[in-house]
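Worksheet: one structure, shown below.
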Amino acid sequence: MRVLVIGSGAREHALLLALQKDPQVEALAIAPGNAGTALIADQHQVDITSGDDVADLARRVRADLVVIGPEIPLVLGVADAVREAGIACFGPSKEAAQIEGSKAFAKEVMAAAGVRTAASEIVDNPARLDAALGRFGVAAGDPAWVVKDDRLAAGKGVVVTPDRDVARAHAAGLLEAGHPVLLESYLDGPEVSLFSVVDGPTVVPMMAAQDFKRVGDGDTGPNTGGMGAYAPLPWLPPDVFREMVSKIVEPVAAELVRRGSPFSGLLYTGLAITAKGPAVVEFNCRFGDPETQSVLALLETPLGQLLYAAATGKLAGVGDLRWRDGAAVTVVLAAENYPGRPRLGDVVVGADADGVLHAGTARRDDGAIVSSGGRVLSVVGTGPDLSAAREAAYHTLESIKLPGGHFRRDIALAAAEGKIHV
Ligand code: GLY
């Protein structure tokens, strides 16, 4: 099988590494990729938001399967263009990708499927903002306001704050930029990222993971695209996992089929385990980053065969996935000033160590690896348990040098110390 991966992050580097281990995968290509993926796949430069360009490339590299990593091409319908070219594609149609692209669509689907989620309201008129803020957050007895950009914002459009002025300023800024604002009630409890391979009504859940969205230790500072992740979740009871699948993911997959927009690809369910049980924070239409880096480090089932089965309507025959024992911890090394405008062009030393996945990296003419994005590398440690996996990841990080680079030191710490309870 020849596989073309679309994207350029550490998630795509992890996908390539897992695909490379599948004995049925004979050739790998990527567009646009990064300095790390260039070492394991043929790298191509195309406009990944253009369905025609991606379909053309898939034909040129004689791909049997295209795997689309990021949400933007999916929301724009690139998977449809690849399928129309007669090539199997792992990624939902433009219509089904609305589960991530339109929060209003996601809320409608959840309501129809009877799935628990936060109460919400869309504000698109600044004159209505103050009254709406009065119905949420501290004003409504919640510990904080949850203010989201209703458009795709790579995780950075969310502000969760107990301070009404901060909530108002974020919402007003979004409205000024012409972006509708989504206000939500606050969901208390530890968060879970659950990936499911889905094809129509068929759902094959992966191992649950947890990510860390804030930039600073102790969940401080602004939201980011994700600063780290770990799997498995020793604190998540198996019956809660089963409930997430049977009461949330399966009904949502069935509802999408009922509406005539069946989902085919990776359905990412972001949940909070509240006192009343799991409730949905968000859906995404693709693998999460950086959770993928941890989850795929533990997957034993050959990834190419799994994604190909989903892309060709054969997922129902796949059965349960197989996992390695142990744990995986991913720590993201970010450039100076991220999640603000990152400083780029710094030389990264040590980026070729084992367990290092590239994201915002490029190779300079003199051969040096330099930073080219906010999240520069993901460092993945594995071990028999979370403590050992943390130790492995942080040990590797010590050997990497990036001027101004920063990372969180508490990824998976509370879970390793047994301090998370539901
Ligand atoms: N880790 C969050 C995301 O991928 O959206």
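The values are calculated or read from the model by the stated rules, or taken from the named source; none is laboratory data. Because the structure is a prediction, the values reported are computed rather than measured. Using ideal geometry, Cβ is built from the backbone for each residue, glycine included, and neighbour counts are taken over all protein chains shown. All accessible areas refer to the heavy atoms of the entire protein, side chains included, with ligands and DNA or RNA removed. Shrake-Rupley method; radii C 1.70, N 1.55, O 1.52, S 1.80 Å.
Just name the residue that is farthest from Pro205 (Cα to Cα) out of those in segment 263-277 that are assigned to a strand (DSSP E or B) and not hydrophobic (A, V, I, L, M, F, W, C).
Only one residue tops the list, namely Thr274.
Just need a number here: residues in segment 275-324 that are within 28 Å of Ala104 (Cβ to Cβ), open to solvent by less than 10 Å² (accessible area, probe 1.4 Å) and more than 16 Å from the ligand (Cβ to nearest atom).
Within segment 275-324, residues that are within 28 Å of Ala104 (Cβ to Cβ), open to solvent by less than 10 Å² (accessible area, probe 1.4 Å) and more than 16 Å from the ligand (Cβ to nearest atom) number 3.
Just to be sure before I move on: is Asp385 within 23 Å of Lys213 (Cα to Cα), among the acidic types (Asp, Glu) and within 20 Å of the chain's Cα centre (by Cα) in the structure I sent?
no
From Arg83, Arg62, Arg11, Arg2, which residue is touching a helix residue (DSSP H, G or I) at 6+ places or on another chain (Cβ under 6 Å) and basic (Lys, Arg)?
Just a single option satisfies the conditions, and that option is Arg11.
Are there any pairs, at least 6 apart or on different chains, whose C-beta atoms fall under 8 Å, with the first in segment 306-318 and under 9 Å from Phe90 (Cα atoms) and in contact (Cβ under 8 Å) with a residue 40 or more places away in the chain and the second among the hydroxyl-bearing types (Ser, Thr, Tyr) and buried (at least 22 other Cβ atoms within 10 Å of the Cβ), and if so, which?
Short answer, once both residue conditions are applied: Ala310/Ser264; Ala311/Ser264.
Please report, ordered by residue number, the strands (runs of 3 or more DSSP E) entirely within segment 148-215 with at least 3 residues that are buried (at least 22 other Cβ atoms within 10 Å of the Cβ).
Once the strands (runs of 3 or more DSSP E) in segment 148-215 are filtered for at least 3 residues that are buried (at least 22 other Cβ atoms within 10 Å of the Cβ), what remains is 181-184, 191-199.
Residues in segment 332-346: is at least one acidic (Asp, Glu) and surrounded by 16 or more Cβ atoms within 10 Å (Cβ to Cβ)?
The answer is yes; a qualifying residue exists.
Can you pull out every residue in segment 120-138 that is in contact with a helix residue (DSSP H, G or I) (Cβ under 9 Å, 6 or more places away or on another chain) and open to solvent by 60 Å² or more (accessible area, probe 1.4 Å)?
Residues satisfying the conditions are Ile122, Asp124, Pro126, Asp130, Val138.
Could you grab me the full set of residues in segment 194-220 that are farther than 29 Å from Ser261 by Cβ and away from the ligand (no atom under 16 Å from the Cβ)?
Of everything in segment 194-220, those that are farther than 29 Å from Ser261 by Cβ and away from the ligand (no atom under 16 Å from the Cβ) turn out to be Gly216, Asp217, Gly218, Thr220.
Mind listing whichever residues of segment 216-244 are in a loop (DSSP other than H, G, I, E, B), surrounded by fewer than 18 Cβ atoms within 10 Å (Cβ to Cβ) and either in contact with a Ser or Thr (Cβ under 9 Å, 6 or more places away or on another chain) or in contact (Cβ under 8 Å) with a residue 40 or more places away in the chain (or both)?
Those that are in a loop (DSSP other than H, G, I, E, B), surrounded by fewer than 18 Cβ atoms within 10 Å (Cβ to Cβ) and either in contact with a Ser or Thr (Cβ under 9 Å, 6 or more places away or on another chain) or in contact (Cβ under 8 Å) with a residue 40 or more places away in the chain (or both): Asp217, Gly218, Pro234, Trp235, Pro237.
If you go through segment 98-109 one residue at a time, how many are touching a residue at least 40 places away in the same chain (Cβ under 8 Å) and touching a helix residue (DSSP H, G or I) at 6+ places or on another chain (Cβ under 7 Å)?
The total comes to 6.
Return the only residue of Glu12, Glu95 being within 17 Å of Tyr268 (Cβ to Cβ) and acidic (Asp, Glu).
Every option except Glu12 fails the conditions.
May I ask you to verify whether Glu255 is over 26 Å from Gln293 (Cβ atoms), in contact (Cβ under 8 Å) with a residue 24 or more places away in the chain, buried (at least 16 other Cβ atoms within 10 Å of the Cβ) and more than 18 Å from the chain's Cα centre (by Cα)?
yes
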